[in-house]
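A short write-up of the structure that comes next.
The values are calculated or read from the model by the stated rules, or taken from the named source; none is laboratory data. As the structure is a prediction and not an experimental result, all values here were calculated from the model. Note that each Cβ is placed from the backbone with ideal geometry, even for glycine, and that neighbours are counted across all protein chains shown.
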Amino acid sequence: MFIILDEVGQTWYGIHPVREAIEILEQNPFAPFDTLRIDRTLTDIPYSTEAALQEMQVGREASCGMLASTPFPLLASIYREPNGNVVQCNPDNRYVATVPPESIRNFSIKIAAFLTGLQFICADPDTEHTVYEKNNLIEMPSQMGAFLGWYNVITPAAYSLYYTREAMLQIPTYQVREMNNGWIEIINYPHPLDFTKPDAVQNIVAASTYLRQNRQVRAQ
């Protein structure tokens, strides 16, 4: 599975919210980190919160990886860029089989709370986007995350150029709701590992087709 959160228009030059993002990643429902990957030198060192925080303060752009090797592979990453930031967590699907789906959703939302320029969350075990390839589906606009997966959250800042709030709430899939902060939460099938089941595929196809048919550039 990959879980990706994308933020634009924000610059993390201080300790906050980098520390909060790191600490929430450490609270992931999968496994504790044991290794820190220093991207700028392509080296691995024993994991510590302070080492990760220090690495994320180097230069105008910074990134690092946080890894767990047991019981299954897990990689989380933070990318700090001048005009935006990306937080990503890639648990082996064997973790996903044992963790309640709501724990994964809650974990994602907890990270998002610190991303004031959030565009989207996408959590998808279909890492090769096979449903899109096999059904010749058209991707969503990139600021919305491009692909529908098991779980998507899309903010008004991302969707409003192409869709109204009402159009987003009418996406034909398993569950769609507006969260208290105005974000649109989309659950395309009940369990993340159901992505090959006919109902899950049908929902992705129907939702993707709906978004393609109703897409239009709207005046801002």
Every residue from segment 62-73 that is out of contact with any helix residue (DSSP H, G or I) (no Cβ under 7 Å at 6 or more places or on another chain), over 14 Å from Ile38 (Cβ atoms) and of a type outside the set (Ser, Thr, Tyr): Ala68, Pro71, Pro73
Selection count, segment 108-147, where residues are touching a strand residue (DSSP E or B) at 6+ places or on another chain (Cβ under 7 Å) and either in contact (Cβ under 8 Å) with a residue 60 or more places away in the chain or surrounded by fewer than 23 Cβ atoms within 10 Å (Cβ to Cβ) (or both): 16
Segment 195-218, subset hydroxyl-bearing (Ser, Thr, Tyr) and closer than 14 Å to His129 by Cα, residue modelled with the highest pLDDT: Ser208
Selection within segment 7-37 - modelled with pLDDT under 95 and part of a strand (DSSP E or B): Glu7, Val8
Residue pairs meeting the criteria (Cβ under 9 Å; at least 6 apart or on separate chains; first free of Cβ contacts under 8 Å to residues at least 12 places away in the same chain, in segment 42-55; second surrounded by 11 or more Cβ atoms within 10 Å (Cβ to Cβ) and basic (Lys, Arg)): Thr43/Arg37; Ile45/Arg37
Index of the failed condition, Val58 passing every other in (1) within 29 Å of Ser142 (Cβ to Cβ); (2) at pLDDT 95 or above: (2)
Qualifying position, being small (Gly, Ala, Ser) and either farther than 26 Å from Gln10 by Cβ or assigned by TED's automatic domain parsing to the domain that holds Met179 (or both), among Ser108, Ser142, Ser63: Ser142
Test: residue in segment 88-110 that is touching a helix residue (DSSP H, G or I) at 6+ places or on another chain (Cβ under 6 Å) and among the basic types (Lys, Arg): yes
Test: residue in segment 66-82 that is modelled with pLDDT of 95 or more, under 14 Å from Phe107 (Cβ atoms) and in a loop (DSSP other than H, G, I, E, B): no
Some residue of segment 89-98 being in contact with a Phe, Trp or Tyr (Cβ under 7 Å, 6 or more places away or on another chain) and over 30 Å from Phe195 (Cα atoms): no
Residue among Arg80, Arg19 that alone is basic (Lys, Arg), crowded, with 20+ Cβ neighbours inside 10 Å and within 18 Å of Thr116 (Cβ to Cβ): Arg80
Count of segment 149-177 residues which are under 17 Å from Glu102 (Cα atoms) and acidic (Asp, Glu): 0
